[in-house]
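Structure record follows, encoded as structure tokens.
All of the numbers you see were taken from the coordinates with simple rules; none came from a lab. A quick note: this is a predicted structure, and the numbers were derived from the prediction, not measured. Note: ideal-geometry Cβ built from the backbone for every residue, glycine included; neighbour counts use all protein chains shown.
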Amino acid sequence: MTTFADEILDQLQAVAIAHGTLRTSDKALAEVVANALDAPERVAEIRRHLHSMPLRTALHARDVLLFFGFDGLVRLVDAQPVSDKAARLRVAHQPGPDTCRFCLMTEKRSLQPELMPELDDRGQRVPGSFLHEACMPAWNRLRQQATRKQA
Amino acid sequence: MAKTETAAAHDETPIREVRPLPATSVAIAEARRVTHHLVLPAGMTLDDLQLPEIWINLASKLHRHDLIEVTDEAGSMWALMLVREVGPEHARIEPLLGRELAPLYESIDDLPLHHRVHYLGPKRRWGVLHDKRIIKHGFTTKTDAANWAKAVIT
């Protein structure tokens, strides 16, 4: 990764932490990052980075999720670990069926649903619990954290 | 003469006949027994599973020599158990293997007193603060900062 790519990573991490969860177009996100880096002429380059797998992998290593939905919009999710108490609270309170259990982003119902049903350890659906596919590992981590401390 | 006596004594030793195994004695294990997967409910321990009456609702699904893999919801242990006996309202099982599994992710709790981990922006990233004073910054992740604080600060 080049230095510029590292700066993009830093800015995307900052945006994710500031917003918690963000859904926008890749162009808008690239413009935010470009303006923060004082490089408005490099929007197209940043936009290409957003679609590259190395950037997503590097972001994942920083506990930030970046993925695209079927609607073409980019989702940026802050997946930083939380305290055990916060983990227990989040597991205890279930949002509605149109909301991702982990990132709490509300998605429209469509023929190509953005959210997948959550499966428990027995492989059975958890009633009313839905997640982005990209959010599932982070959610499982959170659930295990909450359960482990309770045991 | 002596040689004849030895031979006679040898003949009196009972001979254990070892026959070849019959062809029907071997089968594919998966066709003979089932491996069940059990997620231990919260609050239960492996020792509880050895109480015969605890299997009353599952006895009809078990057969002798079935295997049971046991985990818990937190994924903190794994065990393998053998069904020794099954009755209409009970089952006796015996643990074969088992081990505790270390957590995959370290907790960010239990930081030293008056210390906390805070995000300081894209330049300084994650930092460790004592009250409001920054002790160290530049950590890529929150976990890195918390681990540093727990390891270095006493």
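Assorted remarks:
- Averaging over all projection directions, the Cα-based convex hull of region B:29-104 occupies 5.2 nm² in the image plane.
- Taking N as the residue count of region A:3-78, its C-alpha radius of gyration divided by 2.2 N^0.38 Å amounts to 0.96.
- Sparsely packed loop sites in region B:98-154 (the chymotrypsin sites (Phe, Trp or Tyr not before Pro) outside DSSP H, G, I, E and B with at most 14 other Cβ atoms within 10 Å) comprise B:Tyr105.
- Semi-axis lengths, Å, chain B, gyration tensor of Cα atoms, sqrt of 5 times eigenvalues: 62, 25, 15
- Taking the charge dipole of chain B about its Cα centre, with +1 at Lys and Arg Cβ atoms and -1 at Asp and Glu Cβ atoms, the residue from B:Ile108, B:Leu80, B:Val128 reaching farthest to the positive side is B:Val128.
- Normalising the average separation of contacting C-alpha pairs (under 8 angstrom, six or more residues apart) by the number of residues puts the relative contact order of chain A at 20 percent.
- For region A:84-150, convex hull volume per residue from C-alpha positions, Å³: 84 Å³
- Across all C-alpha atoms in the protein assembly as shown, the radius of gyration and Dmax reach 29.4, 114 Å.
- Fraction of the pair-distance distribution of region B:7-65 above 13 Å, Cα-Cα pairs, percent: 79 percent
- Considering only Cα atoms, the convex hull volume of chain A works out to 117 Å³ per residue.
- What the phi angles of region B:142-151 give under the Karplus curve with 6.51, -1.76 and 1.60, with θ = phi - 60°, is a coupling list of 5, 5, 4, 5, 5, 5, 5, 4, 5, 7 Hz, glycine and proline written as x.
- Cα centroid separation - region A:104-121 against region A:18-85, whole Å: 20 Å
- Region B:88-120: GluC sites (Glu not before Pro) in DSSP coil with no more than 12 other Cβ atoms inside 10 Å: B:Glu89
- Taking amide H as placed 1.01 Å from N in the peptide plane, the amide H of B:His36 sits under 5 Å from that of B:Leu67, B:Ile68, B:Glu69, each at least 5 places away or on another chain.
- Scanning chain A for trypsin sites (Lys or Arg not before Pro) that sit in a DSSP loop and have at most 12 other Cβ atoms within 10 Å, the longest stretch containing none of them is A:1-107.
- When you restrict to C-alpha pairs under 8 Å that are six or more residues apart and normalise by the size of region A:3-78, the relative contact order lands at 39 percent.
- Mean separation of Cα pairs under 8 Å and 6 or more residues apart, divided by the residue count, gives chain B a relative contact order of 14 percent.
- Under 17 Å, Cα to Cα: Lys pairs in chain B, sequence gap 8 or more or different chains: 4
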